[in-house]
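So the structure is just underneath, and the comments pick up after that.
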Amino acid sequence: MASTRFLTALEHQPIPVTAEGSGWSLTPAEADRLAQIGEQRPGFCEVGHRQVKLAQFCGVVGLGERVLEILPKTQDGASSADDCRGVLLRLLRLTERFPQFQHQAVGQHLRRAPLLEAFIAAFFEAVSVLTRGGLLKQYLEHEDDLTVVRGRIAVARQLGVHANRPDLVACAFDELTIDNVWNRVLKKAIRCARPWIRSVELNRQWVELMGVMHDVDDTRLSGPDVERLAFNRQAERYRVAIDWARWILALLAPALRAGRTDAPALLFNMNRLFESAVATVARRRVYAESGLTVETQDASRALVTMVSQDRVEPGFQLRPDLVFRREDAVVAIADTKWKLIGWDNKRRLMPSEADMYQMHAYASAFQCRELALIYPWRSELAQATGAEFRLPQVNGHAPVVTVLCLDVHDDALPLRVGRWPGSSAYARG
């Protein structure tokens with residue numbers, strides 16, 4: 001799964017480190033870049049003896065001459081890179097945390113291409129939307145030598161350079177132009193993307209966009225220009241395209257990184273990404289007409305109350321991934337788990353002990369009767385059976401924990417095991 005410019009790996013996979021970085025391996029310098037990211041993002045990787053073991057982040061990392069793409073692991077056995085790439089793009093499109101991806105396609109042509117090319121396709125589409133609506137124009141001051149006066153006369157230049165040229169007038173004037181910093185950033189990112197494009201369609205789009213940007217001079221762009229961009233009402237519609245441009249420039253144009261030494265990367269925590277995608281599906285497709293609200297990372301309860309001398313305060317704050325409420329009443333609680341669930345000798349799906357202890361704590365603190373653990377579905381689970389797990393009673397009722405499995409290979413993320421928490425029929429997925 002490697003090419004001369006792209007290196008593809010799965011999350012939690014160890015990558016060997018060799019002196020030459022030949023084949024499917026990293027050079028020591030590339031390993032140092034990954035270690036640098038690991039210091040900035042705990043949980044990204046572990047550096048061992050002649051290897052770097054990846055963890056729970058997926059996305060792309062700039063290694064200098066190469067780009068590493070890290071894809072989600074969704075099956076026990078061998079998964080094709082196309083399938084894994086499709087899963088990541090699908091979850092990114094569903095999440096509400098990254099609006100840049102909400103119109104991202106998950107077509108077969110993008111799943112076959114490196115992940116970076118899929119991101120470039122999304123960037124090109126965002127720029128195309130801007131060009132169809134008209135590129136932003138701003139007034140910039142220009143100086144030029146003209147035969148008639150335009151604007152005001154640049155007196156110093158007129159008396160110095162053109163003292164003996166009555167036929168020319170040194171003029172300073174404001175001109176409404178697309179050659180401004182916003183469009184320079186976009187054009188620079190478009191230009192930097194060119195060497196990494198293999199798709200015929202993207203090459204065609206590249207030529208079209210460079211033609212539209214013909215009057216934009218991106219050679220004048222500097223790293224501080226990119227960093228200092230501040231959105232106003234006029235430039236707000238550029239936000240998605242500029243976000244993409246900044247990411248692409250960080251990955252592919254190190255000279256514009258304004259002295260920063262951190263390794264460039266566009267990475268996503270798969271635990272948070274899965275949680276956000278599940279929350280979106282729950283809000284839009286399951287509970288939209290139910291009167292229930294779906295809240296994420298609710299931190300309103302703690303596991304204990306600590307009493308010390310005259311002080312009483314909460315301790316061990318709880319933060320369930322999803323809390324389902326009807327008005328102020330907690331109806332159900334769910335935690336998403338981006339990991340492969342196993343089964344026992346009776347082929348019943350079995351969460352880990354730590355996950356069940358966590359559910360017990362939620363049931364007690366939130367006084368909740370219905371709880372769920374949500375995992376990604378995989379084909380190996382077809383022969384497994386679901387089960388309910390009854391916890392010790394709370395206020396005379398035994399809370400029930402159910403296991404749900406969502407098919408992340410389907411755009412709708414349908415349930416394959418279990419039912420959505422909530423006692424009404426609408427919650428059965």
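Quick notes on this one:
- Packing-based ranking, highest mean first, of 246-252, 34-40 given that Cβ atoms within 10 Å are counted: 246-252, 34-40
- Of all aspartates and glutamates in the structure, the ones whose alpha carbon falls short of 16 Å from that of K53, not counting any fewer than 8 places away in one chain, are E11, E30, D32, E39, E69.
- Extreme residue, positive dipole direction of the range 126-260, given options V207, A245, P224 (C-beta unit charges): A245
- Were the residues from L159 through D83 laid out at 0.36 nm apart, the gain over their Cα-Cα distance would be 20.4 nm.
- Only Lys, Arg (+1) and Asp, Glu (-1) charged, at Cβ; the chain dipole about Cα centre in debye: 560 debye
- Sorted largest first, the principal axis extents computed over the alpha-carbon atoms of the range 311-387 equal 51, 28, 20 Å.
- For peptides 325-332, 359-366, sequence by mean Cβ density within 10 Å, most packed first: 359-366, 325-332
- Accessible carbon and sulfur surface of the range 84-193 relative to its total accessible area, %, 1.4 Å: 50 percent
- Relative to the longest principal axis of the Cα atoms of the chain, helix 270-281 runs at roughly 80 degrees.
- One compactness figure for the chain is 1.25, namely its Cα radius of gyration divided by 2.2 N^0.38 Å.
- Those lysines that a straight Cα-Cα span of less than 19 Å connects to K137, excepting residues fewer than 8 apart in one chain: K187, K188
- Only one residue of C45, S80, T131 has its Cα farthest out toward the positive end of the dipole of the chain, where Lys and Arg carry +1 and Asp and Glu -1 on Cβ, and that residue is S80.
- In terms of the mean number of neighbouring beta-carbon atoms within 10 Å, the peptides 188-198, 227-237 order highest first as 188-198, 227-237.
- Taking every alpha-carbon pair within the range 245-370, the share separated by more than 19 Å comes to 65 percent.
- Of all DSSP bridge pairs formed entirely within the chain, close to 75 percent run antiparallel.
- Partner lysines for K337 [C-alpha distance under 19 Å; skip if fewer than 8 residues away on the same chain]: K73
- Contact order normalised by residue count of the chain, Cα under 8 Å, 6+ apart, percent: 12 percent
The values are calculated or read from the model by the stated rules, or taken from the named source; none is laboratory data. Bear in mind the structure is a predicted one, so any value in this text is a computation, not a measurement. In this analysis, Cβ positions are derived from the backbone assuming ideal geometry, glycine residues included, and neighbour counts consider all displayed protein chains. We work out accessible area using only protein heavy atoms, side chains counted, and drop any ligands, DNA or RNA first. Shrake-Rupley method; radii C 1.70, N 1.55, O 1.52, S 1.80 Å.
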